[in-house]
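To start, the structure under review is shown below, and the notes come after it.
Bear in mind that the values in this text are calculations on the coordinates, not laboratory data. All values derive from a computational prediction rather than experimental measurement. Cβ placement follows ideal geometry from the backbone for every residue including glycine, while neighbour counts extend to all protein chains displayed.
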Amino acid sequence: MGHGAAYDLVHNSPDVRAVTIADFDKKKAEQVAEAVGTSKINARQTDAADYQDVIRLMLGHDSVISCVNYWYNESLSKAAIESRANFCDLGGNNYVVDAQLALDEQAKAAGINIIPDCGLAPGMVSILAMYGTKHFDEVEEIHIRVGGLPQDPQPPLDYQLVFSVEGLINEYVEKARVIREGLIKEVDSMTEIENLIFDDFPPLEAFQTSGGTSTLPETFLGKIRELDYKTIRYAGHCEKFKTMIDLGLCSSREITADFVKVTPRKVFGELLHQNLPADGPDYVLVRLDFIGKTQGEKKKLRYDIVDKFDEQTGLSSMMRTTAFPASIIAQMMARGDVLERGATPQEKAVDSEKFVSELERRNICLTMS
């Protein structure tokens with residue numbers, strides 16, 4: 001995802017003068033800089049857990065994009081405030097986002113933006129949700145469905161790793177936050193499976209996962225009756241993965257096996273790394289369904305996005321649809337094109353029309369029906 005963001009900043013963004021890409025392993029940062037292919041990029045070594053070093057790294061930058069695991073994002077947000085650099089990240093955990101949004105007053109005092117959850121989902125779909133509401137006088141329901149799928153699905157899971165394993169497991173085991181009958185509720189992930197149809201795709205399913213709604217439940221509380229988010233996979237994936245969750249393979253509770261203490265989740269994550277394909281040609285599917293009223297008449301609106309691996313650039317669809325939105329928001333913050341300063345949910349801070357225009361300029365296009 002860092003590679004995808006760097007590519008967008010350099011090749012799709014004429015206003016960007018310079019980019020620093022940092023990693024704990026400097027060789028990885030240098031490899032990305034070389035792959036992106038530009039003199040605009042400066043590769044640096046840094047440890048995301050080294051607070052003072054991060055501050056030194058951020059100084060002098062207009063915006064920062066965090067593409068590291070979610071548990072670093074609260075401290076990175078605080079470092080951004082100290083260095084007075086706008087900050088966004090790819091999110092992945094509701095509790096971390098809550099802690100970041102609690103920094104609102106400090107971010108305002110520093111004159112910067114902290115905008116969490118700026119990837120795909122959570123991320124782009126939150127802004128598309130706000131964009132869709134502009135077609136209605138009154139919105140009653142919003143249903144969001146998103147998935148990254150391999151073009152060549154392989155058993156047993158018909159899935160490939162396209163982002164952090166920790167993020168994937170988190171989505172599958174934590175509670176999903178929804179609005180039901182006008183109230184915010186939590187439901188179990190890997191439940192409420194439904195069948196989905198996209199033209200020219202084999203049978204698909206969608207099921208509850210955590211994190212995808214991000215801050216939308218609070219934003220829309222009292223304004224709509226129903227809101228939910230489900231992850232799209234090839235049919236049969238949910239039942240297989242849920243069996244492994246039910247067996248305790250995603251548990252963070254330490255156990256002893258052959259006199260050795262192990263954490264099942266860590267072992268399982270490593271096994272997924274070793275046995276699932278990664279980085280093959282992929283698709284990203286996005287669907288938002290709206291129900292509401294316009295001039296007293298009930299209306300339905302659907303947005304679809306079908307994006308795929310870009311053979312010309314070598315960027316996966318997940319890189320394009322996750323990293324490009326974060327890059328767009330980072331640049332909007334740097335230019336002052338956000339609606340308000342502080343630590344703010346993206347659906348409140350980002351101009352949805354400008355955002356969609358930037359997506360379309362990158363050939364990530366909405367089909368509306």
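Structure notes:
- Three-way shape call for region 212-267 based on the alpha-carbon gyration tensor, with the a/c threshold at 1.5: oblate
- Extreme residue, positive dipole direction of the chain, given options 46, 255, 339 (C-beta unit charges): 339
- Relative contact order for the chain, counting Cα pairs under 8 Å that sit 6 or more residues apart, in percent: 21 percent
- Listed by chain and number, the aspartates and glutamates placed with their C-alpha closer than 17 angstrom to that of residue 185 are 98, 140, 141, 171, 174, 218, 226, 228; residues fewer than eight positions away on the same chain are left out.
- R0 of 51 Å, Cβ-Cβ distance residue 198-residue 259: FRET efficiency to nearest 0.05: 0.55
- Protection proxy ranking for 339-349, 358-368, using the average of other Cβ atoms within 10 Å per residue and placing the highest first: 339-349, 358-368.
- Violating pairs (Cα-Cα greater than 27 angstrom) within the set 175/240; 240/299; 223/300; 175/348; 299/348; 26/240: 240/299; 26/240
- Label-to-label distance, residue 247 versus residue 183, with points set 7 angstrom from Cα along the beta-carbon direction: 3.8 nm.
- For the chain, the Cys residues with no second cysteine's beta carbon closer than 4.7 Å are 67, 238, 250, 365.
- Projected label points at residue 361 and residue 50, each 7 Å from Cα along the beta carbon direction, are separated by 3.6 nanometres.
- Using a Förster distance of 25 Å, the FRET efficiency for residue 191-residue 289 (Cβ separation, nearest 0.05): 0.85
- 5 angstrom amide H check on residue 138, placed H, neighbours 5+ away: 293
- Looking at region 98-247, the pairs of alpha carbons with a distance over 25 Å make up 35% of the total.
- Listed values for region 15-24 are Karplus-derived 3J(HN,Hα) couplings in whole Hz (6.51 cos²θ - 1.76 cosθ + 1.60, θ = phi - 60°), namely 7, 7, 8, 7, 9, 9, 10, 10, 8, 4, and x replaces Gly and Pro.
- Read-out P(r) over Cα pairs in 20 Å bins from 0, in percent, derived from the coordinates shown; its label in (i) 29, 60, 11, 0; (ii) 29, 55, 16, 0; (iii) 33, 60, 8: (i)
- Rounded to 5, percent antiparallel among DSSP beta bridges of the chain: 70 percent
- Backbone N atoms of region 52-68 closer than 19 Å to the 7 Å Cα→Cβ label point of residue 15 belong to residues 60-66.
- A simple packing score, the average count of other Cβ atoms within 10 Å per residue, orders the peptides 323-332, 141-150, 22-31 as 323-332, 141-150, 22-31, with the highest score first.
- Residue-wise HN-Hα couplings along region 321-332, as the Karplus relation 6.51 cos²θ - 1.76 cosθ + 1.60 with θ = phi - 60° gives them from phi, are 7, 9, 7, 4, x, 5, 5, 4, 5, 4, 6, 4 Hz; Gly and Pro carry x.
- DSSP bridge pairs, region 124-314: antiparallel proportion in percent, nearest 5: 85 percent
- When the Gaussian network model of the chain links Cα atoms closer than 10 Å, the mean-square fluctuations of 306, 178, 284 top out at 306.
- Rounded if a/c under 1.5, otherwise prolate or oblate - region 1-158, Cα gyration tensor axes: oblate
- 3J(HN,Hα) along region 249-259: 6, 9, 6, 8, 7, 5, 10, 10, 10, 6, 6 Hz, from the Karplus curve 6.51 cos²θ - 1.76 cosθ + 1.60 with θ = phi - 60°, whole Hz, x for Gly and Pro.
- Cβ-derived FRET efficiency at R0 22 Å, residue 104 paired with residue 223, nearest 0.05: 0.55
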